[in-house]
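The values are calculated or read from the model by the stated rules, or taken from the named source; none is laboratory data. Computed from a predicted model, the values in this text were never measured in an experiment. Heads up, the Cβs are rebuilt from the backbone with ideal geometry, glycines too, and the neighbour counts pull from every protein chain shown. Heads up: the accessible areas ignore ligands, DNA and RNA and are worked out on the full protein's heavy atoms, side chains in. Shrake-Rupley method; radii C 1.70, N 1.55, O 1.52, S 1.80 Å.
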Amino acid sequence: MTLLEVYGILYVMKFDKSLIATLREDPKEAESKSHRILLRGGFIKQIAAGVHIYLPLGWRILMKISNIIREEHDRIGAQELLMPAISPKEIWEESGRWKEYGDDMFRFKDRKDRDYCLCPTHEEIITEIARKRIRSYRDLPQIWYQIQMKFRDEKRPRYGVIRSRQFIMKDSYSLDRDEQGLDKSFNLHKEAYTKIFQRCGLDFEIVDAAGGLMGTGESKEFVARGEGGEATVIACKNCNYRANLEVAEGRGRFAEFEDSQVTDVHTPDKRSVEEVSGFLNVTPQNLVKSIFFTAVEKKPILILLRGDYDINEDIIKNRFGFSYETATPDEIIKYFGAEPGFIGPVGKDDIDIYVDELLKGARGMITGANKNNYHIRGLNLERDIKVKDYLNLRKVKSGDKCIKCQGELELYNGLELGHIFKLGTRYSEILGATFLDENGVEKPIVMGSYGIGLERIMAWACEQKGDEHGAVWPISITPYDIYVIVLNPLNKEIANAADDINQALTKGGFSIIIDDRDISAGIKFNDSELLGIPIRLTIGPKGMKSNKFDISLRETKEVFEVNKNLIADKCLELKDILYRRLNE
RNA sequence: CGGGGCGUGGCGCAGUGGUUUAGCGCGCAUGGUUCGGGACCAUGAGGUCGUGGGUUCAAAUCCCACCGCCCCGACCA
């Protein structure tokens with residue numbers, strides 16, 4: 001017996017002895033395509049909102065994904081380790097995130113009444129390792145990574161495994177002596193990520209992104225196109241500008257209106273842009289929206305935007321501080337003496353007014369009069385109000401022009417599969433992770449942080465490749481290579497032929513599911529499609545007569561009639577073809 | 001956290017005060033006939049009707065509270 005024969009047996013799964021539980025009907029809790037397929041195929045099972053069991057089929061997929069990730073990280077010189085899933089409060093208090101994370105953090109106490117959390121991410125822990133271990137510039141650079149459960153008590157888990165409260169993340173951290181080193185580590189990750197998602201057979205793009213809680217350094221998201229994703233990407237049709245809507249900038253068209261004196265106009269109960277423009281019979285472009293932001297212990301700010309654009313709150317928060325929130329109706333009445341919908345900038349020189357650049361030089365505009373049920377006409381921004389600064393504050397719209405090349409911008413939906421950040425020295429400074437350079441000067445380590453959501457890769461392969469019959473796994477992450485259907489398995493001849501073929505396939509190194517359940521053929525065919533195994537082999541009476549058996553491909557439905565003794569060879573060839581087709 | 005929906009055998013659902021043993025389809029078990037696209041016959045097992053309280057002679061059904069799940073929004077590496 002060869003080694004392959006010994007170990008080969010591990011690659012065989014008999015359907016009727018497996019923990020595979022396909023559902024005949026769509027589970028009612030699932031609406032999105034990927035969620036439906038994963039539940040129906042028995043890849044996952046939900047046990048609470050945003051908490052899932054990964055059943056054997058799903059787990060095999062995740063293991064395949066982990067291996068790809070592992071290989072590509074090892075290739076860039078990263079070292080795998082495993083950090084704890086729980087950690088004590090103190091280190092999070094040091095970084096300030098015990099507070100900052102708020103209710104999104106799962107917290108608990110041990111028997112001695114000490115506070116702990118389930119780690120939502122691991123910057124603090126990695127920095128703890130770094131500050132103990134890294135002494136000298138000679139110890140740098142380093143890239144450390146792990147594949148680990150993360151816990152976040154999301155306000156609203158949804159779409160099954162896509163936004164869940166417990167999920168598997170590959171997170172890596174780079175440690176460098178300076179910005180140049182960080183650039184290099186950042187780019188290594190960018191390349192590794194590109195290879196990983198390509199190998200997983202997904203269509204994706206690299207887009208500019210916002211840092212959020214992680215900081216304000218450069219960051220890129222790897223976004224895969226698809227409905228039901230949570231990211232909106234702005235893409236230039238002409239050049240390679242790609243950005244998450246959160247940070248996207250575009251050029252809008254200036255709108256001109258006739259200059260005039262400021263006059264009040266009665267607008268009873270008309271508050272929104274739509275209501276006012278409809279009532280006065282003008283285009284929304286003629287309106288100026290006033291949005292009032294307040295923050296504790298900070299000066300309130302008034303933002304002006306043209307009526308046909310929405311505000312980009314992420315820009316506001318990144319620029320002015322994360323504590324800024326849109327003011328409450330009470331605050332608005334207090335500062336403006338009018339209800340929301342009727343406020344405006346005129347006569348508010350005591351408040352800092354920031355204006356979207358598209359309004360620079362605008363005249364003849366309509367805005368709130370700071371008097372209930374009244375607006376004003378004839379606003380001339382330069383003449384009538386004191387502007388603190390003109391900034392790009394609006395959300396890009398489809399049809400805006402690219403800031404790089406003037407090409408037209410379009411929007412699409414997608415899912416963030418991975419995110420790479422330049423953290424800089426934010427954590428190393430607070431937590432005291434430093435090294436001595438060649439001059440003996442103590443410096444903070446320059447860090448980067450990089451994440452990939454494993455389940456999202458699994459779910460998005462369903463979303464992008466799956467069809468009305470079920471999953472279509474890319475060959476690289478499929479739980480099994482071949483689905484062997486044995487029709488009429490009680491027939492001795494057929495059963496014997498199936499044994500021969502399965503042995504040949506096992507020797508060939510394939511992982512296979514054997515479906516020799518004594519049930520009608522349709523169920524087996526349908527299950528093979530639902531499970532999305534890329535290659536299907538059918539052993540039945542028809543093949544017994546001609547000694548030729550059908551091999552078909554899940555994705556293209558191509559069918560090949562293959563002589564019994566050539567089956568393993570053909571499968572090898574097809575597997576090869578499937579690998580080559582991955583990124584076509 | 002706001003809005004909407006749902007909770008009845010493993011799954012999908014019906015039943016919305018009064019046939020005492022709560023139904024139907026699928027699945028499951030046993031026997032038999034079938035066997036290249038979700039077959040058929042027969043027999044059978046399986047249910048705290050989300051939880052607690054209340055109204056009533058009588059509650060899956062009406063009332064109150066709570067819990068859980070899904071969807072939209074707010075929010076979010």
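With both labels modelled 7 Å from their Cα along Cα-to-Cβ, the residue A:518 to residue A:59 distance reads 3.0 nm.
Along the Cα-to-Cβ line of residue A:387, 7 Å from the Cα, sits a label point; which residues in region A:243-286 have backbone N less than 13 Å from it? What the label zone holds, given the 13 Å backbone N cut-off, is A:254-255. Taking amide H atoms as placed 1.01 Å from N in the peptide plane, the amide H of residue A:424 lies under 5 Å from those of A:447, each 5 or more residues away in sequence or on another chain.
Figure note: A:98, A:460 ranked by solvent-accessible area, largest first, 1.4 Å probe, ligands and nucleic acids not counted: A:98, A:460.
Of the peptides A:139-146, A:285-292, the ranking by mean beta-carbon count within 10 Å, highest at the top, reads A:285-292, A:139-146.
Restricting attention to region A:339-378, which trypsin sites (Lys or Arg not before Pro) occupy a DSSP loop and are surrounded by at most 13 other Cβ atoms within 10 Å?
Details: sites: A:348, A:360, A:363, A:371, A:377; in loops: A:348, A:360, A:363.
Answer by residue number: A:360.
Per-residue extension of 0.36 nm, minus the Cα-Cα distance of residue A:558 and residue A:136, leaves a gain of 146.0 nm for this segment.
For region A:263-391, taking the reciprocal of the average inverse distance between every pair of different Cα atoms yields a Kirkwood hydrodynamic radius of 14.6 Å.
Two-decimal Rg/Rh of chain A from alpha-carbon positions, Kirkwood Rh? Present the calculation step by step, with values, prior to reporting the outcome.
On the way: Rg = 29.6 Å, Rh = 27.7 Å.
Rounded to two decimals, Rg/Rh equals 1.07.
Solvent exposure of region A:263-391, expressed per residue, is 46 Å² of accessible area, with all protein chains present and a 1.4 angstrom probe. Give a quick list of trypsin sites (Lys or Arg not before Pro) in region A:465-565 that DSSP marks as loop, anything other than H, G, I, E or B, with at most 12 other Cβ atoms within 10 Å. Those satisfying the criteria are A:557. Taking every C-alpha pair closer than 8 Å and separated by at least 6 residues, the mean separation divided by the residue count of region A:263-391 gives a relative contact order of 29 percent. With a Förster radius of 22 Å applied to the beta-carbon distance between residue A:548 and residue A:507, the computed FRET efficiency rounds to 0.60.
Roughly how many Å² is the accessible area per residue of region A:469-584, as a whole number, for a 1.4 Å probe? Present the calculation step by step, with values, prior to reporting the outcome.
Values: 5100 Å² over 116 residues.
Each residue of region A:469-584 exposes 44 Å² on average to a 1.4 Å probe.
With r as the distance between the Cβ atoms of residue A:275 and residue A:29 and R0 = 35 Å, compute the FRET efficiency 1/(1 + (r/R0)^6) and round to 0.05. For residue A:29 and residue A:275, the calculated efficiency is 0.35. Each other residue within a Cβ distance under 10 Å of residue A:139 adds +1 if Lys or Arg and -1 if Asp or Glu, for a net charge of +4.
Residues whose amide H falls under 5 Å from that of residue A:435, counting only those 5 or more places apart or on a different chain, are A:443, A:445, with hydrogens built in the peptide plane. Quick one: of A:289/A:395; A:545/A:575; A:270/A:298; A:507/A:575; A:270/A:388, which pairs are farther than 21 Å apart, Cα to Cα? Over 21 Å apart, Cα to Cα: A:545/A:575; A:270/A:298; A:270/A:388. Where in region A:187-208 is the amide nitrogen less than 19 Å from a point lying 7 Å along the Cα-to-Cβ axis of residue A:581? Zone members listed by number: A:198-204. Mean silhouette area of region A:350-476, derived from the convex hull of its C-alpha atoms and averaged over all directions, reads 18.5 nm². Note that region A:379-394 has calculated 3J(HN,Hα) couplings of 5, 10, 3, 5, 7, 9, 9, 9, 9, 6, 6, 9, 9, 8, 10, 9 Hz, one per residue in order, obtained from phi through the Karplus relation 6.51 cos²θ - 1.76 cosθ + 1.60 (θ = phi - 60°); glycine and proline are x.
Output the Kirkwood hydrodynamic radius of region A:2-143, Cα pairs only, in Å rounded to one decimal. It would help to have the intermediate numbers written out before the result.
Numbers: mean 1/r = 0.0510 Å⁻¹.
Computed over Cα pairs of region A:2-143, the Kirkwood hydrodynamic radius comes out at 19.6 Å.
Taking R0 as 25 Å, what's the FRET efficiency between residue A:410 and residue A:183 from their Cβ-Cβ distance, rounded to 0.05?
Values: r = 30 Å, r/R0 = 1.21.
Efficiency for this residue pair is about 0.25.
Rounded to the nearest 10 degrees, the inclination of helix A:179-199 to the longest alpha-carbon principal axis of chain A is 50 degrees. Helix A:521-531 and the long axis of chain A differ in direction by around 40°, with both axes built from C-alpha atoms. For region A:263-391, the share of accessible area belonging to carbon and sulfur comes to 46 percent (1.4 Å probe, ligands and nucleic acids excluded). Residue A:52 exposes around 20 Å² of accessible area when a 1.4 Å probe is run over every protein chain in place. Got a sec? Which residues in region A:255-290 would a label at residue A:372 touch, if it sits 7 Å along Cα→Cβ and we count backbone N under 11 Å? Counting backbone N atoms under 11 Å from the label point, the list is A:269.
Helix A:492-507 and the long axis of chain A differ in direction by around 60°, with both axes built from C-alpha atoms.
Seen from all directions on average, region A:499-566 presents a Cα convex hull projection of 4.7 nm². Note on residue A:155: lysines with a C-alpha under 24 Å away, same-chain residues under 8 apart excluded, are A:28, A:33, A:45, A:89, A:99, A:109, A:170, A:317. Based on C-alpha pairs under 8 angstrom that are at least 6 apart in sequence, chain A has a relative contact order of 18 percent.
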